[in-house]
Amino acid sequence: MIESRPAHAGMPVADVDTPALALDMPAFTRNLERMQAELAGSGVALRAHGKAHKCPDIAKRQIAMGAVGVCCQKVSEAEVFVDAGIDSVLVTNEIVAAAKLARLAGLARRADIMVLCDDASVVPLLGESARAAGTALKVLVEVEVGGKRCGIAPGEEAARLASLIERESGLSFAGLQAYCGSAQHKPDYAERRDMMARVVEAVKTTLSALGEAGLTRAYVTGGGTGSYPFERDSGVFTEVQAGSYAFLDTDYARILDEDGAPLQTFEQSLFILSTVISRPTKNRAVLDAGHKAHSMDSGLAGIAEPPGGQVTGQSDEHMVVALDEGTPGFAIGNQVRLIPGHVDPTFNLHDWLVCIRGDAVEDVWPIAARGPGL
């Protein structure tokens, strides 16, 4: 396979081969600093979610800024991060296939590895894999806290599963995963607050049941960019798993604060660089970034610059922009900077991340854990 990078360090941003994923380095760095400031003094740590970016260079900068490690959702992602020298990785998913379990247990020889479990039938599979690899796996019980995805019922059911894990040779019960993904993108502040209050109550119920079973554990992890203040201030969470905070997207731009105004804690740092390839009419421009460059599962992309256009459609290799007659900046050949609708799957469409500072390319980083993975 021929390696094709969209840019190289030192070249003008205007010359980047498009479509390309670009990271504004000053904005990115400010976002990392702001998250650490948001958590400072709270006793709650950041475990940066690597599934957002799948890029070891980003993970290393998050850890250098104060993150305790990373989390990810696939064994293939964990392998990439461990290979890059990251020594604390939480796989925030249930792993059940024998081949994947063997690889996961093998990683525990080189790094501190944690994984989730929400079903008693998986406990012996996890234990067998750890014993075969001669390693030990730390296992978190995933509690269903309202997301209606994975997770065991809070309270006594979760405590019984924790007891099974603790008794299984090769495993240790390490704590709780309590992530409510559906809370992350609720625009209304009161709705997020009320949803997270129910999450906290579910965690408290489970911690109480664990205590009665003699399995007191302080480690409770979860949360994300849309809800982290609630986990931070809960008194029960010890860690948050934010990922998108470093980049933002149009979906997170819809999140409102307590006063109904857009949240402004973090700023947009991730963009798709595209080029105008057609002007069929005075009111329509067509860009070279389509489904293969931008994931629209959370909606169409926004336009950061030039101003005045609105994305109205997207197909495999094209993006259509509606213009008012006379809108400048959208001549054929002009570069357009787009705001992704959803960070995570958009990262997954690109091999390279172009790091920009002002009008110049500073570096190009591989998005090494992208792809379908295993």
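Structure values in brief
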quantity: Matching residues in region 246-290 - criterion: being among the β-branched types (Val, Ile, Thr) and either farther than 16 Å from His318 by Cα or in contact with a Leu (Cβ under 8 Å, 6 or more places away or on another chain) (or both); calculated: Thr250, Ile255, Thr265, Ile272, Thr275, Val276, Ile277
quantity: Val321 vs. criteria in contact (Cβ under 8 Å) with a residue 24 or more places away in the chain, in a strand (DSSP E or B) and in contact with a His (Cβ under 8 Å, 6 or more places away or on another chain); calculated: no
quantity: Residues of region 95-127 classified as surrounded by fewer than 18 Cβ atoms within 10 Å (Cβ to Cβ) and among the acidic types (Asp, Glu), total; calculated: 2
quantity: Test for Val336: is it of a type outside the set (Gly, Ala, Ser), crowded, with 16+ Cβ neighbours inside 10 Å and touching a helix residue (DSSP H, G or I) at 6+ places or on another chain (Cβ under 6 Å); calculated: no
quantity: Candidates Lys282, Lys292, filtered to the one that is more than 24 Å from the chain's Cα centre (by Cα) and either more than 14 Å from Ala22 (Cα to Cα) or hydroxyl-bearing (Ser, Thr, Tyr) (or both); calculated: Lys282
quantity: Residues (in contact with a helix residue (DSSP H, G or I) (Cβ under 8 Å, 6 or more places away or on another chain) and either over 20 Å from Val236 (Cα atoms) or assigned to a helix (DSSP H, G or I) (or both)) located in region 129-159; calculated: Ser129, Ala130, Ala132, Ala133, Thr135, Ala136, Leu137, Lys148, Arg149, Glu156, Ala158, Ala159
quantity: Only listed residue being farther than 22 Å from Ala45 by Cα and in contact with a Ser or Thr (Cβ under 9 Å, 6 or more places away or on another chain), chosen from Gly134, Gly175, Gly214; calculated: Gly214
quantity: Cβ-Cβ under 8 Å pairs, at least 6 apart or on other chains, region 295-317 side outside the structural domain of His53 (by TED's automatic domain parsing), far side in a loop (DSSP other than H, G, I, E, B) and of a type in the set (Phe, Trp, Tyr); calculated: Pro306/Phe330; Gly308/Phe330; Gly309/Phe330
quantity: Unmet requirement for Thr250, which otherwise passes all of (1) free of Cβ contacts under 8 Å to residues at least 40 places away in the same chain; (2) not in a strand (DSSP E or B); calculated: (1)
quantity: Residue match in region 116-125 (condition: over 30 Å from Gln36 (Cβ atoms) and without any contact (Cβ under 8 Å) to a residue 24 or more places away in the chain); calculated: yes
quantity: Inter-residue pairs, beta-carbon under 6 Å, first free of Cβ contacts under 8 Å to residues at least 40 places away in the same chain and in region 24-53, second among the small types (Gly, Ala, Ser), 6+ apart; calculated: Gln36/Gly66
quantity: Subset of region 79-127 (residues that are of a type in the set (Lys, Arg) and touching a Leu at 6+ places or on another chain (Cβ under 6 Å)); calculated: none
quantity: Residue match in region 223-231 (condition: over 28 Å from Leu353 (Cβ atoms) and either in contact with a Ser or Thr (Cβ under 7 Å, 6 or more places away or on another chain) or not assigned by TED's automatic domain parsing to the domain that holds Gly175 (or both)); calculated: no
quantity: Of the criteria (1) crowded, with 18+ Cβ neighbours inside 10 Å; (2) of a type in the set (Gly, Ala, Ser); (3) within 25 Å of Ala67 (Cα to Cα), which one Ser182 fails; calculated: (1)
quantity: Selection from region 187-221 of residues that are touching a residue at least 60 places away in the same chain (Cβ under 8 Å) and outside any helix (DSSP H, G or I); calculated: Pro187, Asp188, Tyr219, Thr221
quantity: Qualifying positions in region 247-268 - under 25 Å from Ala14 (Cβ atoms) and surrounded by 22 or more Cβ atoms within 10 Å (Cβ to Cβ); calculated: Phe247, Leu248, Asp249
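The values are calculated or read from the model by the stated rules, or taken from the named source; none is laboratory data. This is a predicted model, so every value here is computed, not measured. Using ideal geometry, Cβ is built from the backbone for each residue, glycine included, and neighbour counts are taken over all protein chains shown.
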